[in-house]
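Have a look at the structure below, then the notes.
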Amino acid sequence: MFKKRTADMTSLPIRRLRTDEITGTYWTPPTTATLAEIHPRLMAIVIVKADSRDWQLYSANVFDMESGGPIGYFEIARDPAGGRACGLFSEIGSQNAAPVPIWFDCSEDIDATARAFHRILIAAGQVL
């Protein structure tokens, strides 16, 4: 029926997590947002575009890996036909009530677009 285990589980080495393994940022899968749900600065950018109806809007909650606590949210407006996106990171508790939208190239996939935006934020020192 069942095979007997040959290795004693208590004798296996326990690998400790290193600090660099638990630092950084993660986010929920981006979900579709409406124009009324996004930050007013991002909304202003989208509505002045002639092709604004073709733009796709997304939002994702952002968390700190070490504590697991929420740190803010990403909002991304994508123009899939033009291959461009504008993202905004709003940090919870930040004194900066007017985050600056960031333009960048995007792909067809929203997950890849969110990763690209995250890399930009890391380079800018806004997130880990």
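The values are calculated or read from the model by the stated rules, or taken from the named source; none is laboratory data. Values in this document were obtained by computation on a predicted structure and should not be read as measured data. Glycine also receives a Cβ, built like all others from the backbone with ideal geometry; neighbour counts cover every protein chain displayed. Remember, those area values only see protein heavy atoms, side chains included, never the ligands or the DNA or RNA. Shrake-Rupley method; radii C 1.70, N 1.55, O 1.52, S 1.80 Å.
Summary of computed values
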quantity	calculated
Exclusive hit being open to solvent by 70 Å² or more (accessible area, probe 1.4 Å), at pLDDT 90 or above and in contact with a Leu (Cβ under 9 Å, 6 or more places away or on another chain), set Glu66, Glu75, Glu37	Glu37
Some residue of the stretch 100-117 being closer than 14 Å to Leu42 by Cβ, among the aliphatic types (A, V, I, L, M) and exposed (fewer than 13 other Cβ atoms within 10 Å of the Cβ)	yes
Residue in the stretch 11-29 that is of a type outside the set (S, T, N, Q), farther than 19 Å from Leu121 by Cβ, modelled with pLDDT of 90 or more and surrounded by 13 or more Cβ atoms within 10 Å (Cβ to Cβ) present	no
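One line per residue, one yes/no per condition, for (1) closer than 17 Å to Thr25 by Cβ; (2) open to solvent by 50 Å² or more (accessible area, probe 1.4 Å); (3) of a type in the set (A, V, I, L, M, F, W, C); (4) part of a helix (DSSP H, G or I):
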| site | (1), (2), (3), (4) |
| --- | --- |
| Ala60 | yes, no, yes, no |
| Ala81 | no, yes, yes, no |
| Ile122 | yes, yes, yes, yes |
| Gly125 | yes, yes, no, no |
